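Below is one structure, written out as structure tokens; comments come after it.
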Amino acid sequence: MGQAALRVAGGEAQFTSPFGMAGPVNLFALAATRWMHDTGATEDDLAAVVCQSRSLAASNPRALLNEAMTRDDYLASPWISTPLRRPDCCQETDAGAALIVSRTDIADIVRPNSPRIVTVVRGGGAGASSMDKAADVSALFSHYLSRKVWDMSGLTPADIDLAMIYDAYSPVVLQQLEDFGFCARGESGDFIRSGSTLPTGTLPVNPHGGLLSEGYVHGLNNVLEAVRQLRGTASSQRVPSPHVALCTGFGGSYGSAVILESA
């Protein structure tokens, strides 16, 4: 395979394709392996993310994967690229999402109680989604942007009522929870298992099941769910009276975050 890949790979891909970097799943598996080594995270932590996602999706009529998954089910699922199993990976989905951004006076007339955009930050570290150029292959965009998000918004992690975390792969949920300061480094798995990220917890995360279960619409469906939750119109599990929501989206070490606030 190596020689064939060398013949067909051009440009920068010639330095990664021969070594099995055939797509995003391989890159994120590599990053996850390093992060898990550094923090002591285990497959039980990944399973916690996936099993909670499936459980929350059960009440979401839009979710494509809404059957309960146990830890044993997770461990019996096939590998895609270690340490990622099939349930750890989002599903490419034929779907659409539309976001309308308007002045507040217009929004209030057309749709009263429309959430406000508090802060938007986009950026990251060296390498962008080309992880071979990154100083730290395991560092996601949230590692670089979290301080700026809090500084620009004037908010702290304790002010967030709802976190819509971009979950293309299960490990990145854990990493972002730690990077944004919702829990200490190495404690994200326990944080999820404690129930803190359920709709009734201290930091509800992806109450609709996220990209792992509802479907992968490049993170836009997570933003739509945040708006529905802030309006109180969500058809999935509703978070009790959320006021401030954090939504994230990324492509490796380069990405974005937005904070929305109810009117």
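The values are calculated or read from the model by the stated rules, or taken from the named source; none is laboratory data. Every value quoted in this text rests on a predicted model; they were computed, and no experiment measured them. For neighbour counting, all protein chains shown are included, and Cβ atoms are generated from backbone atoms with ideal geometry for every residue, glycine included.
Observations
- The criterion of at least 3 residues that are over 16 Å from the mean Cα position of the chain (by Cα) is met, among helices (runs of 4 or more DSSP H) falling completely within region 143-248, by 220-231.
- A single entry from 138, 114, 81 fulfils the requirement of being among the hydroxyl-bearing types (Ser, Thr, Tyr), modelled with pLDDT under 95 and more than 20 Å from residue 223 (Cβ to Cβ): 138.
- Qualifying residue in region 216-227 (condition: farther than 25 Å from residue 83 by Cα, of a type in the set (Asp, Glu) and buried (at least 24 other Cβ atoms within 10 Å of the Cβ)): yes
- Residue selected from region 198-212 under the condition surrounded by fewer than 24 Cβ atoms within 10 Å (Cβ to Cβ) and polar (S, T, N, Q), by the criterion farthest from residue 233 (Cα to Cα): 202
- Residue satisfying all of: in region 107-122; in contact with a Ser or Thr (Cβ under 8 Å, 6 or more places away or on another chain) and part of a loop (DSSP other than H, G, I, E, B); surrounded by the fewest Cβ atoms within 10 Å (Cβ to Cβ) among these: 113
- Residue check for residue 146: surrounded by 14 or more Cβ atoms within 10 Å (Cβ to Cβ), touching a helix residue (DSSP H, G or I) at 6+ places or on another chain (Cβ under 8 Å) and closer than 23 Å to residue 16 by Cα: no
- Test for residue 227: is it over 18 Å from residue 169 (Cα atoms) and of a type in the set (A, V, I, L, M, F, W, C): yes
- In the set (1) among the polar types (S, T, N, Q); (2) touching a residue at least 24 places away in the same chain (Cβ under 8 Å); (3) surrounded by fewer than 17 Cβ atoms within 10 Å (Cβ to Cβ); (4) under 30 Å from residue 110 (Cα atoms), residue 236 fails one condition alone, (3).
- The residue that is farthest from residue 113 (Cα to Cα), counting only those in region 219-231 that are of a type outside the set (A, V, I, L, M) and touching a residue at least 40 places away in the same chain (Cβ under 8 Å), is 219.
- Looking across region 53-80, the residues that are among the polar types (S, T, N, Q) and crowded, with 16+ Cβ neighbours inside 10 Å come down to 53, 55, 59, 60, 66.
- Pick from region 123-142, criterion in a helix (DSSP H, G or I) and among the hydrophobic types (A, V, I, L, M, F, W, C), ranking: nearest to the chain's Cα centre (by Cα): 141
- Applying a threshold of 6 Å to beta carbon distances and a minimum spacing of six or more residues, or different chains, the list of pairs starting in region 87-106 at a residue that is in a helix (DSSP H, G or I) and ending at one that is surrounded by 11 or more Cβ atoms within 10 Å (Cβ to Cβ) and modelled with pLDDT of 90 or more reads 87/50; 87/74; 87/77; 88/46; 88/169; 88/170.
- Scanning region 37-65 for residues that are under 13 Å from residue 208 (Cα atoms) and either of a type in the set (S, T, N, Q) or outside any helix (DSSP H, G or I) (or both) yields 52, 53, 55, 58, 59, 60, 61, 62, 63, 64, 65.
- When 158, 97 are screened for being surrounded by fewer than 16 Cβ atoms within 10 Å (Cβ to Cβ), hydrophobic (A, V, I, L, M, F, W, C) and at pLDDT below 95, only 97 passes.
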